[in-house]
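Just so it is clear, none of the values below were taken in a lab; they were calculated from the coordinates. Computed from a predicted structure; not experimentally measured. Please note: Cβ atoms are built from the backbone with ideal geometry, for glycine as well, and neighbour counts cover all protein chains shown.
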Amino acid sequence: MSEENWIEVGSTDSIEEEDLIRFDHQDKTFCVYKLTDGFYATDGICTHEAVHLEDGLVMDDEIECPMHQGIFNIKSGEALSPPACEDLKTYPVKVDNDKIFIKID
Amino acid sequence: MKKNILILGGGQAGIYAAREIRQNDSESNIKILGEENLLPYERPPLSKDFLLDKKNEEDLYFHSSEVLKNENIDFENVSITKVDFENKKLFTKNDDVYIYDSLLIATGSENKKLSLYNNLKNDVYYLRNLEEAKTIKEKVLNKNKITIIGGGFIGLEIASSLSQLQKKVTVIEIGDQLMGRIIPKQIADLVQSTHIDYGNKIILNKQIDKITKKNANFEILLNDNSLIETDFVIAGIGSTPSVKLFENTNLNLDNGIVTNQFCETSIKNVYAAGDVSNFYHPLYERNMRLESYQHAQNHGICAGKNIAGVKTEYTSIPWMWSDQFNLNLQLTGICNDYDEIIERGNDINNGIIYFFLKNKIIRGACGLGIAGKIGRDIRITSKLSEKNTIVDKQILSDQNQKLNKLIQK
Ligand SMILES: Cc1cc2nc3c(=O)[nH]c(=O)nc-3n(C[C@H](O)[C@H](O)[C@H](O)COP(=O)(O)OP(=O)(O)OC[C@H]3O[C@@H](n4cnc5c(N)ncnc54)[C@H](O)[C@@H]3O)c2cc1C
Ligand code: FES
């Protein structure tokens, strides 16, 4: 695992609990979440249509798309409710010195 | 106990019910009878991404035939033409018989038709199913001026799609606002200006007096004597529940099939779900009929549970959306029974929402914004209205204050 793949997102207090922030890196958009048991990251765009999930609602371990209420599990990326049927990509997250990093391949 | 379960209607409510029954009952025979020779598919893209060629037929199916096979759910392409509730039988035109122990009716709704002279019947197009969407898509290719009769959701979505295909679109609406049946005027007016900005012509308060065929084109005479020349006519003037089959039976009908909160009809072991059902909603303490994607799904699931013996009340808060141009419109709860309106936001780019309150409690909300901008707040509104929460109006009206806090403990 090379160190370069870990990208710094921001400080741990930049996200409120049960909420998310959008993080853009190069030409990609990610969502980074703070759940009760830690931080998680997924692709930032819904798999149904090109809508930013940053405007969606985080509930427990799920992110609900703001456009048509497609629902994904944040930890596994699994599409749980239509019209979303394609899973969302997830990314490893680590916290180091109160900073959040995600590993982008 | 192993039962014969029939689902009449192979649409969204039908497929969700079938899969839910299977989740709870591994034994019974489950068969969907559908008159369209297609596995259950999503209708919303028909007026939007399918017309725009951004989605094709394969993208529309809810599930593949493998999924149905794995779950041991049969799908048969037949049209039922007669029912005998007393003997629990359904018949086709050729007198093929289907016998059930439990029946779910999920026949959906059908488009209202304009009353026209016979010679024009085949010249006005409607949109409800994939076949009709394919026809419209093909026929408009070499047309330029398109007239849409009816300024409801489906008419406006077609207007948006055809405008994006560079057609000159005119929408004629009989009422004094667009989407008048359910959408508050404030939002309807914003949608109207968007259509106008994109070049669509919107005519309100006008009725069609006559349509005349002129060679390959048409002349539409309105009740103020104005004439519209057009190459192609599409009508979207509302829909009615598909209940013709049941009209001379003892099934209780009133704006659809009347059901209680458990999707049960007036006849034992006969259930109804989706567009066709006029269901009792315990939260609003009244019956309602909805034509929406989320409702068809959740109502189907609820019916499936009840058919499988898992007694479940239907308490979903109504929610629907419409996508036109780059805008997403959403409505939740009830927006026509209120004593106070609160506005959140004033710029479509960040989203504008109107909350409808009664006795200080949020009953519903309707919003419009660039794709994605209103969804979270609309969803939070559903949750607040479910719990009859009294909320601080100042938070509702201030877009800088996130509403998340209101539902977190
Ligand atoms: C063009 C269009 C766009 C839409 N867009 C949106 C949207 O953006 N957002 C939203 O929330 N909702 C939208 N909707 C509404 C949503 O698609 C419907 O509410 C939903 O499909 C209803 O599901 P249903 O199962 O009750 O009925 P349907 O999906 O209509 O299924 C009923 C099925 O039963 C079959 N059937 C009827 N009678 C018989 C019979 N006698 N024998 C055998 N089969 C029979 C019918 O052919 C049909 O296949 C749209 C609908 C249309 C038509
Ligand atoms: S865009 Fe996310 S569910 Fe449709």
Amide proton proximity set for A:HIS25, modelled H, under 5 Å, gap of 5+: A:PHE30
Gained length - B:ASN223 relative to B:ASP123, 0.36 nm times residue gap less alpha-carbon distance: 33.9 nm
Over 29 Å between alpha carbons, listed pairs B:LYS48/B:LYS113; B:LYS206/B:LYS393; A:LYS99/B:LYS54; B:LYS48/B:LYS143; B:LYS54/B:LYS311; B:LYS88/B:LYS244: B:LYS206/B:LYS393; A:LYS99/B:LYS54; B:LYS54/B:LYS311
B:GLU76 paired with B:ASN252, simple spin-label distance in nm, labels 7 Å along Cα-to-beta-carbon: 3.0 nm
Taking the convex hull of Cα positions in segment B:291-343, its mean projected area over all directions (nm²): 5.3 nm²
Chain B: Rg to Rh, with Rh as the Kirkwood radius over Cα pairs: 0.98
Rg/Rg_globular for the protein assembly as shown, with Rg_globular taken as 2.2 N^0.38 Å and Rg from C-alpha atoms: 1.03
Whole-angstrom gap from segment A:1-61 to segment B:81-159, using each part's C-alpha centre: 44 Å
Long-range tail of P(r) for segment B:113-235 (Cα pairs > 21 Å, %): 36 percent
Length-normalised contact order of segment B:186-228 in % [C-alpha pairs under 8 Å, at least 6 apart]: 24 percent
Chain B, helix-only ellipticity at 222 nm - DSSP H runs n ≥ 4, -39,500 (n - 2.57), divided by all residues, nearest 500: -6500 deg cm²/dmol
Between segment B:322-360 and segment B:261-276, the alpha-carbon center distance in angstrom: 31 Å
Values of log10 I(q)/I(0), in the order q = 0.15 Å⁻¹, for segment B:147-298 under a Debye, Cα-only, solvent-free model: -0.87
Relative contact order computed over segment B:113-235 (Cα-Cα under 8 Å; 6+ residues apart), in percent: 29 percent
For chain A, convex hull of alpha carbons as volume per residue, Å³: 93 Å³
Length added when fully stretched, B:GLU138-B:ILE395, from 0.36 nm per residue minus Cα-Cα: 87.6 nm
Highest-fluctuation residue, A:PHE23, A:PHE39, A:PHE72 considered, GNM on chain A with Cα pairs under 10 Å: A:PHE23
Whole-number percent relative contact order across segment A:3-103, with pairs defined as alpha carbons under 8 Å at least 6 apart: 27 percent
Unit Cα scatterers, Debye sum, segment B:10-128: log10 I(q)/I(0) for q = 0.19, 0.20 Å⁻¹: -1.14, -1.20
Sequence-distant residues sharing a close amide H with B:TYR125 (under 5 Å, placed H): B:VAL233, B:ILE234, B:ALA235
